[in-house]
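J.: Pasting in a structure now, in structure tokens, and then I'll have a few things to ask.
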Amino acid sequence: MTEPTEREAPEEGLGTRLNWLRAAVLGANDGIVSTAGLVVGVAGATTERSALLTAGLAGLLAGSMSMAVGEYVSVSTQRDSEKAALAVERRELREQPEAELDELTDLLAGRGLSRGVAREAAEQLTERDALRAHARVELGIDPDALTNPWHAAAASFLAFTVGALLPLLAIVCPPASARLWITVVSVLAALTLTGWWSARLGSAPARPAVVRVVGGGAVAMAVTYAAGSLLGAAGA
């Protein structure tokens with residue numbers, strides 16, 4: 001007899017990996033858009049490379065640290081909730097083993113197994129590891145693979161940094177006469193890629209995702225450039 005929780009393990013692992021990859025793509029996209037908006041806005045006010053570099057680096061560091069801290073806090077909260085749920089389940093298994101066995105049977109039967117097969121599967125899973133069985137079937141948690149907040153923070157920091165480096169390098173490396181257009185084209189090309197890849201990860205149509213991402217990035221750069229130009233003219 002195939003055990004439901006064992007069959008679902010590869011799917012849960014794949015889902016976790018896809019979620020991490022999707023988060024990395026979105027983090028890189030945030031790095032591209034926010035840093036591009038910042039440096040293009042500054043470029044509207046000044047053409048000095050040192051000012052552009054300072055603004056870009058400040059935006060990169062501030063954004064990557066903000067992403068890392070936010071991810072750490074979010075995942076830590078999720079991990080604490082998962083640990084609390086596991087503690088409750090552990091206590092219930094200790095105090096009400098028969099009721100928990102009946103509950104596991106009901107859950108497996110609700111997934112399409114006949115009552116007899118569900119009972120047999122529940123008994124076998126309980127004998128093997130009752131807590132893991134209830135955690136995965138009832139709570140949707142793998143007690144051996146709780147999300148690490150430090151890993152999440154590092155991944156967000158890295159993804160944002162990689163994304164932010166593109167507009168930063170594009171605005172400071174070319175000559176002054178070409179840096180703005182090179183930055184805009186590079187950013188829009190990168191956003192096209194991230195939009196396509198995020199849609200692919202979600203098994204969604206690529207065109208709407210690309211249009212949303214590229215359109216949003218283009219609007220962000222246009223608004224910040226206009227604001228920078230106005231502020232630069234006012235301060236001249």
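The values are calculated or read from the model by the stated rules, or taken from the named source; none is laboratory data. Being a predicted model, the structure only gives us computed values, none of them experimental. Methodologically, a virtual Cβ is constructed for each residue, glycine included, from the backbone with ideal geometry; neighbour enumeration extends over all protein chains shown. Please note that ligands, DNA and RNA were not included when accessible areas were found on the heavy atoms of the full protein model with its side chains. Shrake-Rupley method; radii C 1.70, N 1.55, O 1.52, S 1.80 Å.
J.: Does Ala99 satisfy the criteria of being modelled with pLDDT of 90 or more and either more than 17 Å from Glu82 (Cβ to Cβ) or touching an Asp or Glu at 6+ places or on another chain (Cβ under 9 Å) (or both)?
T.: Values: modelled with pLDDT of 90 or more: yes; either more than 17 Å from Glu82 (Cβ to Cβ) or touching an Asp or Glu at 6+ places or on another chain (Cβ under 9 Å) (or both): yes.
Taking the combined requirement at face value, the residue satisfies it.
J.: Identify all residues within the stretch 174-184 that are surrounded by fewer than 20 Cβ atoms within 10 Å (Cβ to Cβ) and assigned to a helix (DSSP H, G or I); write none if there are none.
T.: Passing the criteria: Leu180, Trp181, Ile182.
J.: Condition first: open to solvent by 60 Å² or more (accessible area, probe 1.4 Å) and within 30 Å of Ala176 (Cα to Cα). Now tell me which residues in the stretch 59-78 satisfy that.
T.: Leu61, Ala62, Met65
J.: While we're here: In the stretch 120-144, which residues are in contact with a Leu (Cβ under 8 Å, 6 or more places away or on another chain) and either open to solvent by less than 40 Å² (accessible area, probe 1.4 Å) or farther than 21 Å from Arg94 by Cβ (or both)?
T.: Result: Ala121, Ala122, Leu125, Ala130, Leu131, Ala133, His134, Ala135, Val137, Ile141, Pro143.
J.: If you don't mind, there's one more thing I want to ask. Can you list residue pairs whose Cβ atoms sit under 6 Å apart, with the first residue in the stretch 181-205 being more than 20 Å from Val40 (Cα to Cα) and the second being charged (D, E, K, R)? Count only pairs 6 or more apart in sequence or on different chains.
T.: These pairs meet every condition: Leu201/Arg22.
J.: Just checking, does the stretch 79-95 include any residue being over 29 Å from Arg128 (Cα atoms) and either open to solvent by 70 Å² or more (accessible area, probe 1.4 Å) or at pLDDT 90 or above (or both)?
T.: Looking for residues that are over 29 Å from Arg128 (Cα atoms) and either open to solvent by 70 Å² or more (accessible area, probe 1.4 Å) or at pLDDT 90 or above (or both), one finds none in the stretch 79-95, hence no.
J.: May I pose another question? If Leu191 passes every condition in (1) farther than 20 Å from Ala23 by Cα; (2) crowded, with 18+ Cβ neighbours inside 10 Å; (3) out of contact with any Leu (no Cβ under 9 Å at 6 or more places or on another chain) but one, which one does it miss?
T.: Among (1) farther than 20 Å from Ala23 by Cα; (2) crowded, with 18+ Cβ neighbours inside 10 Å; (3) out of contact with any Leu (no Cβ under 9 Å at 6 or more places or on another chain), Leu191 violates only (1).
J.: Can you report the number of residues in the stretch 92-125 which are farther than 15 Å from Val137 by Cβ and not in a helix (DSSP H, G or I)?
T.: Total meeting the criteria: 2.
J.: Okay, moving on. Residues in the stretch 65-79: is at least one among the small types (Gly, Ala, Ser), part of a helix (DSSP H, G or I) and within 30 Å of Leu230 (Cβ to Cβ)? Lay out the reasoning, then the answer.
T.: First, pick out the residues of the stretch 65-79 that are among the small types (Gly, Ala, Ser): 66, 68, 70, 74, 76.
From the residues that got through so far, the ones that are part of a helix (DSSP H, G or I) too are 66, 68, 70, 74, 76.
Going one step further and asking which of them are within 30 Å of Leu230 (Cβ to Cβ), we end up with 66.
Yes; the residues of the stretch 65-79 include at least one that is among the small types (Gly, Ala, Ser), part of a helix (DSSP H, G or I) and within 30 Å of Leu230 (Cβ to Cβ).
J.: Tell me the residue from Thr161, Thr147 that is open to solvent by less than 50 Å² (accessible area, probe 1.4 Å), under 30 Å from Val39 (Cα atoms) and of a type in the set (Val, Ile, Thr), please.
T.: Step by step, each of Thr161, Thr147 is checked, and only Thr161 is open to solvent by less than 50 Å² (accessible area, probe 1.4 Å), under 30 Å from Val39 (Cα atoms) and of a type in the set (Val, Ile, Thr).
J.: Among (1) touching a Lys or Arg at 6+ places or on another chain (Cβ under 6 Å); (2) modelled with pLDDT of 90 or more; (3) open to solvent by 20 Å² or more (accessible area, probe 1.4 Å); (4) not charged (D, E, K, R), which single condition is Ile171 missing?
T.: Just one mismatch for Ile171, condition (3).
J.: Mind telling me which of the residues Arg207, Arg212, Arg200 ends up being modelled with pLDDT under 95, within 26 Å of Ser66 (Cβ to Cβ) and surrounded by fewer than 16 Cβ atoms within 10 Å (Cβ to Cβ)?
T.: None of the others qualify; the one that does is Arg212.
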